[in-house]
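The values are calculated or read from the model by the stated rules, or taken from the named source; none is laboratory data. The structure presented is a predicted model; accordingly, all values stated were derived computationally and were not measured. When we count neighbours, we look across all protein chains shown, and the Cβ atoms used for this are built from the backbone with ideal geometry, even at glycine. Heads up: the accessible areas ignore ligands, DNA and RNA and are worked out on the full protein's heavy atoms, side chains in. Shrake-Rupley method; radii C 1.70, N 1.55, O 1.52, S 1.80 Å.
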Amino acid sequence: MSDLEQFKNEVTAWLEENCPPSQRTPAKADELVYGGSKCVFPSEDAKLWLKRMADKGWTVPSWPKQYGGGGLSAKEEKVLKKAMKKLGCRMPLTGHGLWMLGPALLEFGNEEQKLEHLPRIARGEVRWCQGYSEPGAGSDLASLRCKCEDMGDHYLVNGQKSWTTDGHKSDWVFVLVRTDFDAPKKQQGISFLLIDMKAPGVEVRPVTLLNGNDDFCDTFFDNVKVPKQNLVHELNQGWSVAKALLVHEREMMSKIQEFMPRLPYTVVEYAQHYLSLADDGKLADPYLRDRLTQHLMNTQSMGLSHRRAYEEGMAGILDKRSLSYFKAYATEEDKHRDELLIALLGTQGLGWEGEGFSEDELQLTRQFLMNKALSIGGGTTEVQMNLIAKQLGLPG
Ligand SMILES: Cc1cc2nc3c(=O)[nH]c(=O)nc-3n(C[C@H](O)[C@H](O)[C@H](O)COP(=O)(O)OP(=O)(O)OC[C@H]3O[C@@H](n4cnc5c(N)ncnc54)[C@H](O)[C@@H]3O)c2cc1C
């Protein structure tokens, strides 16, 4: 038996013994665990599941052990993920710290920063949010103006960030600030800071979204003092960190369905339940049948592309810039799928509240509304297309 097969057997046995049965069903929106000091666990089982996985380092399987990870190789990580998928295990933890800041700190943080922040992210003790966008700096992020002055023994930050996802539930924020307003290029003169949301002068105002949630925030910094050790990488060199982190964000967005609340049925099952079938068992409506087939084919192609990217990664030849393609394609397909689902449900897909609609139907409607934002967050589809065009050497 190969080492990998033995590892697979061990992993499966461990998961079977340690993943509580309640954590082997699709998680609803309010059952996802983001961690942090304000975390309200959906159940004792969810708390136990996080603790057990964090103890193994398997909330971040490939991070080095000294930073709270499992120290697994890429192949071992894939085995673990496959085994979890097979048993239906929920992700014990998710969030910006795990997916975005952590990998960026591994690359750019100093040893002190890694030891201070990474283990707490891995254990779900601290929740992070992202302070990149501003009212005048979204797609054109390098135009950001949030001001940071060097006051000798500390930095002083003043300005506004917008669309801070879950800012009101987070403990810390990673922020892009302008430290040099006279730099010849706007990408220069930007720095990457870590800020404690409890610092005096940080104010967060939630914004209500189309789906009724208040997940976004405006974040204001009014004379916020930031310790100098919270600067990541070099002063005025934050754009390099920002770009690397955006690659991780695109990767996360391209796989977002893995950790979004799962619907209880597959698209085919929804179609079978809500639509009439012809005598031969096919969907009677040829137009919806065609859309459904198209969606299934796209999903299959995407899965195969992911597989190819994985193989390229293993061979050390994956061009990380291709994540723009995955981000754009996956989030657009997510929207197509939701539009298809709403069409399959007919009027049952248009409920906001009330007894005329089941809980699942209401969840689907809210998901349809929320997922409109996926092709904007993490860089819009148009911006990804520009990046892809650049990679292909097409005229800008
Ligand atoms: C779900 C979600 C979560 C988010 N979370 C966060 C967060 O946690 N932290 C954070 O900092 N930000 C966050 N954002 C903000 C997000 O990064 C910005 O919304 C995004 O970068 C677009 O910027 P904008 O909204 O200012 O739109 P704009 O940049 O003003 O774009 C408006 C329109 O113009 C198009 N456009 C702009 N430039 C070009 C171009 N060069 N070529 C072609 N078309 C172009 C865009 O595609 C878009 O359609 C989030 C956004 C969403 C929707």
Exercise for the section: Pick out the one residue from 171, 153 that is within 30 Å of residue 49 (Cβ to Cβ) and either outside the structural domain of residue 34 (by TED's automatic domain parsing) or open to solvent by less than 20 Å² (accessible area, probe 1.4 Å) (or both). Expected result: 171
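The rows are residues; the columns are (1) open to solvent by less than 20 Å² (accessible area, probe 1.4 Å); (2) at pLDDT 95 or above.
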{"position": "2", "(1), (2)": "no, no"}
{"position": "17", "(1), (2)": "no, yes"}
{"position": "36", "(1), (2)": "yes, yes"}
{"position": "43", "(1), (2)": "no, yes"}
{"position": "46", "(1), (2)": "yes, yes"}
{"position": "53", "(1), (2)": "yes, yes"}
Practice task
Scan 330, 389 and give me the residue that is within 16 Å of the ligand (Cβ to nearest atom) and closer than 30 Å to residue 79 by Cα.
Solution key: 330
Practice task
Report whether or not residue 369 is modelled with pLDDT of 90 or more, open to solvent by 30 Å² or more (accessible area, probe 1.4 Å), within 12 Å of the ligand (Cβ to nearest atom) and of a type outside the set (Val, Ile, Thr).
Solution key: yes
Exercise for the section: Looking only at the range 349-357, decide whether some residue is over 30 Å from residue 134 (Cα atoms), free of Cβ contacts under 8 Å to residues at least 40 places away in the same chain and open to solvent by less than 20 Å² (accessible area, probe 1.4 Å). Expected result: yes
Handout entry: Leading residue by the ranking (surrounded by the fewest Cβ atoms within 10 Å (Cβ to Cβ)) among those in the range 176-199 that are in contact with a strand residue (DSSP E or B) (Cβ under 7 Å, 6 or more places away or on another chain) and in a loop (DSSP other than H, G, I, E, B)
Key = 199
Practice task
Inspect all residues belonging to the range 193-205 and state whether any of them is within 11 Å of the ligand (Cβ to nearest atom) and within 13 Å of residue 236 (Cα to Cα).
Solution key: no
Practice task
Could you check, for the range 160-173, whether at least one of its residues is over 19 Å from the mean Cα position of the chain (by Cα) and closer than 19 Å to residue 250 by Cβ?
Solution key: no
Problem - Check on residue 60, open to solvent by 20 Å² or more (accessible area, probe 1.4 Å) and assigned by TED's automatic domain parsing to the domain that holds residue 15 - result: no
Handout entry: Residues within the range 264-276 that are touching a helix residue (DSSP H, G or I) at 6+ places or on another chain (Cβ under 9 Å) and either open to solvent by 70 Å² or more (accessible area, probe 1.4 Å) or not in a helix (DSSP H, G or I) (or both), tallied
Key = 4
Exercise for the section: Test each condition in (1) assigned to a helix (DSSP H, G or I); (2) open to solvent by 20 Å² or more (accessible area, probe 1.4 Å); (3) within 16 Å of the ligand (Cβ to nearest atom) for residue 377 and report the one that comes out false. Expected result: (1)
Exercise for the section: Go through the range 74-175 and tell me which helices (runs of 4 or more DSSP H), entirely inside it, have 1 or more residues that are without any contact (Cβ under 8 Å) to a residue 40 or more places away in the chain and more than 16 Å from the ligand (Cβ to nearest atom). Expected result: 74-87, 111-122
Completion exercise
Note on the range 135-171: residues out of contact with any Cys (no Cβ under 6 Å at 6 or more places or on another chain) and of a type in the set (Asp, Glu) are 140, 149, 150, 153, 171
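Quick grid of which residues meet (1) within 23 Å of the chain's Cα centre (by Cα); (2) open to solvent by less than 20 Å² (accessible area, probe 1.4 Å); (3) small (Gly, Ala, Ser):
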position	(1), (2), (3)
226	no, yes, no
240	yes, no, yes
282	no, no, no
285	no, no, no
Fill in the blank from the handout: Note on residue 317: of the conditions (1) touching a helix residue (DSSP H, G or I) at 6+ places or on another chain (Cβ under 7 Å); (2) farther than 24 Å from residue 378 by Cβ, unmet is (1)
Exercise for the section: Return a yes/no flag: does the range 320-329 have any residue that is without any contact (Cβ under 8 Å) to a residue 12 or more places away in the chain and surrounded by fewer than 15 Cβ atoms within 10 Å (Cβ to Cβ). Expected result: no
